[in-house]
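S.K.: Take a look at this one; I'll ask things after.
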Amino acid sequence: MINPKNTSCLLRPFVWLWNFMAYLVMLTGRFVAVILGLVLMLAGFILTITVVGAIAGVPLLIIGLLLVVRGLW
């Protein structure tokens, strides 16, 4: 983010627009992380139901949970 106090008054609208676009990109990244985490948690849960898939399902559940937590906070 660019500090608008350090810019000229003529350039401040562009700085505000740039900061707004940076904020939207940040929110989109968090949203994608939460969705991907939920998908990994679901896949891990489905694999954990089968005994053979539990070896891969538990790490998928943990990685998905970590992605969701990171995306929300």
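Nothing in this text is a laboratory measurement; each read-out follows from the coordinates by a stated rule. Small disclaimer: the values here were computed from a predicted structure and weren't measured. Positions of Cβ are backbone-derived with ideal geometry, glycine not excepted, and every protein chain shown enters the neighbour counts.
S.K.: List Met41, Met21 from most exposed to least, where exposure is judged by having the fewest other Cβ atoms within 10 Å. Display every interim value, and only then the final one.
M.R.: Values: Met41 19, Met21 10.
Least to most surrounded, the residues fall as Met21, Met41.
S.K.: Right, here's the next one. Just check the chain against the gyration tensor rule for me: Cα atoms, a ≥ b ≥ c as the square roots of the eigenvalues, rounded for a/c under 1.5, and otherwise prolate or oblate depending on whether a/b exceeds b/c. Write down the numbers at each step before the final one.
M.R.: Details: a/c = 7.56, a/b = 5.04, b/c = 1.50.
Because a/c hits 1.5 or more and a/b exceeds b/c, the chain counts as prolate.
S.K.: Related question: Would you please state which residues of the stretch 52-73 a label at Leu42 would reach in this model, taking the label point 7 Å out along Cα→Cβ and a backbone N cut-off of under 15 Å?
M.R.: Within reach of a label on Leu42: 61, 64-65, 68.
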